[in-house]
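Structure record follows, encoded as structure tokens.
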Amino acid sequence: MITAHPSLLRELVERCETLRHRLAADNRAETARQLEDATYTLCVITGTRQLDTALSVARRQLAEAMRRERPLRH
């Protein structure tokens, strides 16, 4: 399976979360459009169709990347 670079995943997760919180606070059309764009990108990258699922998949991929980066020592 092909996965996005962890830095891109991290950036998109943070962007989606920030925009979701901002939209809840200001309910502006511009914020909604930005969230829609970021959601679309994250969904494409994770092979999902909904934001919550995309966030979950992205977090799992980030955790796996961290494990590969820092193997356990005996």
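Annotations for the structure displayed:
- When you restrict to C-alpha pairs under 8 Å that are six or more residues apart and normalise by the size of the chain, the relative contact order lands at 35 percent.
- The chain, helix-only ellipticity at 222 nm - DSSP H runs n ≥ 4, -39,500 (n - 2.57), divided by all residues, nearest 500: -27000 deg cm²/dmol
- Theoretical gain in end-to-end length, E69 to R22 [0.36 nm per residue, Cα-Cα removed]: 13.6 nm
- Whole-number accessible area per residue in Å² for the chain, which is evaluated in the context of all protein chains at 1.4 Å: 76 Å²
- Result for the chain in a Gaussian network model with C-alpha springs under 10 Å: among R60, R20, R28, the largest mean-square fluctuation is at R28.
- Percent accessible area from carbon and sulfur atoms, the chain, protein chains only, probe 1.4 Å: 51 percent
- Under a Gaussian network description of the chain, with springs only between Cα atoms under 10 Å, the residue in A38, A25, A54 that fluctuates furthest is A25.
- Applying D = kT/(6 pi eta Rh) to the chain, where Rh is the Kirkwood radius over alpha-carbon pairs, T corresponds to 37 °C and eta to 0.692 mPa s, the Stokes-Einstein value obtained is 252 µm²/s.
The values are calculated or read from the model by the stated rules, or taken from the named source; none is laboratory data. Since the model is a prediction, treat every value here as computed from it, not as a measurement. Ligands, DNA and RNA are excluded from the accessible area calculation, which covers all protein heavy atoms including side chains. Shrake-Rupley method; radii C 1.70, N 1.55, O 1.52, S 1.80 Å.
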